[in-house]
Amino acid sequence: MTAPSPAPAGSRTAPPLLRATGLTCAIGRHVVLRDVDVTIEAGETVGIVGPNGAGKSTLLRILAGVRPPAAGTVELDGVALGSLSRRERARRVALVAQEEDLPAELRVGELVALGLLPHRPPWAGGGKAEARAVDAALAAVDMAGTADRPLDHLSGGERRRALLARGLVQDTELLVLDEPTNHLDVRHRLDLLGLVRGLGRTVLMALHDLDLAVRFCDRLVLVHDGTARSAAPDPAVLGAVFGVAATPVRHPVTGETHLLFDRHPEVP
Amino acid sequence: MSGQPWRPVVVCVCLLLLLAVALPAAMAFGAEALPVGRVVDALRGGGDLATRTIVLDLRLPRSLLAIVVGAGLAVAGVAVQTLVRNPLADPYLLGVQSGASVGATAVITAGALGAFGVWALSAGAFLGALLAGILVAFVTLSQGGLTPLRLILSGTVIGSALSAIASYLVFRSADPAAAQAVLFWLLGSLAGAEWDRLWIPTAVVGVSLALLMAASGWLDAMAVGPDTASALGVSVPAVRAGLFALLALLVGALVAVAGAVAFVGLVLPHIARLLVGARHRFVLPAAALAGALFLLAVDVVARIAVRPTEIPLSVVTGIVGAPVFLVLMGRRRYSFGAAS
C-alpha cells in the first residue's frame, strides 16, 4: 500500500488557475522578490507566510494584479493579468485589503455592494439584483440581516466579515485576502478562517499566525529572503525560515497537528 | 437591502423645495425690505419699475450667486474630504485659496491686470488659484504622487507661504483703503454679484457636480480606502489627479467671484452625510442643496445684521459654523467619516 503520489511532472492535468513566473519586485533599491514562481490550483486554499518585511503583502498585491511586478508575469486561467483592463481584472480577482478606518456612516450593505463596482458603471447602483447579491454575500459570511447597520456599530470580527462579503460579491475566480484575521481574538480568528474554508472558493491569503496557516491552508507559500517557495506545511522548514524551533504536537482531543514555537536553541 | 431606500431622495426633494421657498424670501430682505408678494410679482415681470430693478438686477443675481457659491463650496468640501480621506479637510486645504488671495491682493494693492477692467479682481484671483494649484500638484507629484498626506502637507505649507506673500503686498501698500478692500475680499462677499458674472461659476459648479456624480461609485470606493479602490478596478492615481484638478478649478472659480468664504466647505459635507448617509450619489446633491440654502441665509444675515454696512460672509459662517461643528463633534453617533 503506497501513499497517493502527486501526478508526475509533465502529465496532462488541468492547468493551474493562477500561474506566476519569474516575479521580481523592488521597493526603491531594495529587491523584495527575485525570480519568484507561484501556482495555485482551482479550489485550493493557499497561505502566504513569511517573516515581517519579507514581502508577503507585496507578493499578494502582485498576484492579485493591483501592483505590477518589475519583471515576470501573472496568468489567471492562461490570461496575463497585466493585459486586462483594471475593470476586467477586478471581475476575475478580488482582493480584500485590511482597511482599518472605514467611513462610519456607510452601512454594511453599502460597503458590500461596492463589490459590484467592476460589474457596472460608477454612477449606477441600487436595485433588486444588487440587494439580492448583497444579501447572499452577507448570508455566506453569517451576517444575514445586518445590511442596514452602520459600520461603526460593528465589532472587529463583524467588520472583517463585512469586508470579506465585499470581496465575495465581486464574484471572482480567485479570492485574495490580506491578513484577514489581523486584530481578531482567538475565537473570531477560528470562526473567520473556518468560514473562508467553507466558502468552497479558490483562496490566497497572507497570514501571520503560522499555526492557523498550517491548519487552515492546503498549502503554504513561504516568502523569505527574496524568494518564495511552495511548501507543504513542514515544521522544520517553517522553523528554519522564521529562525525558531517549531515542534508539531498532536491535539489530545481533535487529533489535529498543531505547531508549538520556541526560541531557536542556537540563538542566544 | 436598505430599510429606507427612499430617505436620501426625500431629503433632497425637501431641500430643493426649501430652496424654492427660501429664494424669494431671501430677496425680500435688504436695505429696503420688500414683502415677499411684491418680490414674486417682480419675478413674474409685474410690479413697479423700482421694485423690478431691485429684485431682478440686484437681489436675484446676488441670491443666485449665493446659491451657486454655497453649492459649489459644499461640493468641493465633499470632494476634498474624499480625496485626502480626512474629515477636517476643507476646500482651502490645498493652498488654492491662498494663491487666489495673492492674485487678488496684487490687483487691489498694485493695480495688476488693469487690462481686465472690472474683471481684474476675479481674473487675478482665478489665475493665482490656478498657479497655486499647479505648484502644489508639481511639488506633490515630484515627491512621489498625490497621496493624502503629501497633499495636505504641501497644500498647507505652500498655502502659508502664499498667504505670507499676500500679507507682504498689503503691508507694502501705502493705501489704507486697499488693506480694507483686501480684508473684505479675504473674508468673502457676494456684493459683486451681477448677471454677467454669474454664468462662469454656475457652469463650473454644474459641470463639477455632474462629473463627481458620474464618478460617485469610484468616490465611494476611494472613501473606503485606496487598496479597496484599486482592488475594485479603480485607478487611484487617476481619480486623485482628476479630483485635484477639478478642485483647483472649482475653488478658483468660486473664490474669484466671492472671495474666501470659510466653513461652508468644512461643515456642510458633514451635515449632508448626517442627512443621507455616506454614499456620494446622495451626499453630493444633498451637500449642494444644503450649501446653497445655507449661504443664501448667511448672505441675508450679512446684508441686514449691521445695516447699513455689510458684514463679510466668513464672519457669519464662522459664528454659525463653529458651534454647529462642535455640536456635530459631540454627537456620539457621528464620527466624522472614520469609524472609531
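Structural remarks
- All conditions but one from (1) away from chain A (no Cβ under 12 Å); (2) over 19 Å from the mean Cα position of the chain (by Cα) apply to B:V204; the one that does not is (2).
- Yes/no for A:D77 being within 19 Å of the chain's Cα centre (by Cα) and either surrounded by fewer than 22 Cβ atoms within 10 Å (Cβ to Cβ) or without any contact (Cβ under 8 Å) to a residue 12 or more places away in the chain (or both): yes
- Evaluated against (1) more than 8 Å from chain B (Cβ to nearest Cβ); (2) more than 30 Å from B:A210 (Cβ to Cβ); (3) aliphatic (A, V, I, L, M); (4) touching a residue at least 40 places away in the same chain (Cβ under 8 Å), A:V96 falls short on exactly one condition, (1).
Residues checked against (1) away from every other protein chain (no Cβ under 14 Å); (2) part of a helix (DSSP H, G or I); (3) surrounded by fewer than 24 Cβ atoms within 10 Å (Cβ to Cβ):
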{"site": "B:V251", "(1), (2), (3)": "yes, yes, no"}
{"site": "B:L254", "(1), (2), (3)": "yes, yes, no"}
{"site": "B:A272", "(1), (2), (3)": "no, yes, no"}
{"site": "B:F282", "(1), (2), (3)": "no, yes, yes"}
{"site": "B:F294", "(1), (2), (3)": "yes, yes, no"}
{"site": "B:V298", "(1), (2), (3)": "yes, yes, no"}
{"site": "B:E310", "(1), (2), (3)": "yes, no, yes"}
{"site": "B:A322", "(1), (2), (3)": "yes, yes, yes"}
{"site": "B:F325", "(1), (2), (3)": "yes, yes, yes"}
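- Candidates A:R250, A:R263, A:R229 - the one that is modelled with pLDDT of 85 or more and of a type in the set (D, E, K, R): A:R250
- Residue in region A:110-117 that is within 30 Å of A:P233 (Cα to Cα), in contact (Cβ under 8 Å) with a residue 40 or more places away in the chain and not in a loop (DSSP other than H, G, I, E, B) present: no
- Residue check for A:R161: in contact with a Leu (Cβ under 6 Å, 6 or more places away or on another chain) and buried (at least 23 other Cβ atoms within 10 Å of the Cβ): no
- Residue in region B:151-163 that is modelled with pLDDT under 90 and surrounded by 21 or more Cβ atoms within 10 Å (Cβ to Cβ) present: no
- Flag for A:G194 being at negative phi, touching a His at 6+ places or on another chain (Cβ under 7 Å) and more than 8 Å from chain B (Cβ to nearest Cβ): no
- Within region B:6-24, residues that are within 13 Å of B:A297 (Cα to Cα) have Cβ atoms under 8 Å from residues that are β-branched (V, I, T) and at pLDDT below 95 in these pairs: B:P24/B:V36; B:P24/B:V39; B:P24/B:V40, counting only partners at least 6 apart in sequence or on another chain.
- Index of the failed condition, A:S83 passing every other in (1) of a type outside the set (A, V, I, L, M); (2) surrounded by 14 or more Cβ atoms within 10 Å (Cβ to Cβ); (3) without any contact (Cβ under 8 Å) to a residue 60 or more places away in the chain: (2)
- Leading residue by the ranking (farthest from the other protein chains (Cβ to nearest Cβ)) among those in region A:101-118 that are buried (at least 18 other Cβ atoms within 10 Å of the Cβ) and more than 17 Å from A:T146 (Cα to Cα): A:L116
- When B:V21 is tested against the conditions (1) part of a helix (DSSP H, G or I); (2) buried (at least 16 other Cβ atoms within 10 Å of the Cβ), the lone failure is (2).
- In region A:198-242, residue surrounded by the fewest Cβ atoms within 10 Å (Cβ to Cβ) [restricted to those that are assigned to a helix (DSSP H, G or I) and among the β-branched types (V, I, T)]: A:V237
- A:V176 in a strand (DSSP E or B) and buried (at least 18 other Cβ atoms within 10 Å of the Cβ): yes
Table: residues versus (1) of a type in the set (D, E, K, R); (2) within 30 Å of A:L84 (Cα to Cα).
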{"residue": "B:S163", "(1), (2)": "no, no"}
{"residue": "B:A215", "(1), (2)": "no, yes"}
{"residue": "B:V236", "(1), (2)": "no, yes"}
{"residue": "B:R240", "(1), (2)": "yes, yes"}
{"residue": "B:F244", "(1), (2)": "no, yes"}
{"residue": "B:G259", "(1), (2)": "no, no"}
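- Among the numbered conditions (1) at pLDDT below 90; (2) touching a Gly at 6+ places or on another chain (Cβ under 7 Å), the only one that A:Q170 does not meet is (1).
- Residues located in region B:217-246, provided they are facing chain A (nearest Cβ under 7 Å), assigned to a helix (DSSP H, G or I) and surrounded by fewer than 22 Cβ atoms within 10 Å (Cβ to Cβ): B:D227
- Hits in region A:125-137 - residues which are surrounded by fewer than 17 Cβ atoms within 10 Å (Cβ to Cβ), more than 7 Å from chain B (Cβ to nearest Cβ) and of a type in the set (A, V, I, L, M): A:A129, A:A136
- Residue tally, condition within 11 Å of chain B (Cβ to nearest Cβ), of a type in the set (A, V, I, L, M) and either assigned to a loop (DSSP other than H, G, I, E, B) or within 20 Å of the chain's Cα centre (by Cα) (or both), over region A:138-161: 3
The values are calculated or read from the model by the stated rules, or taken from the named source; none is laboratory data. These figures come from a predicted structure and were not determined experimentally. Please note: Cβ atoms are built from the backbone with ideal geometry, for glycine as well, and neighbour counts cover all protein chains shown.
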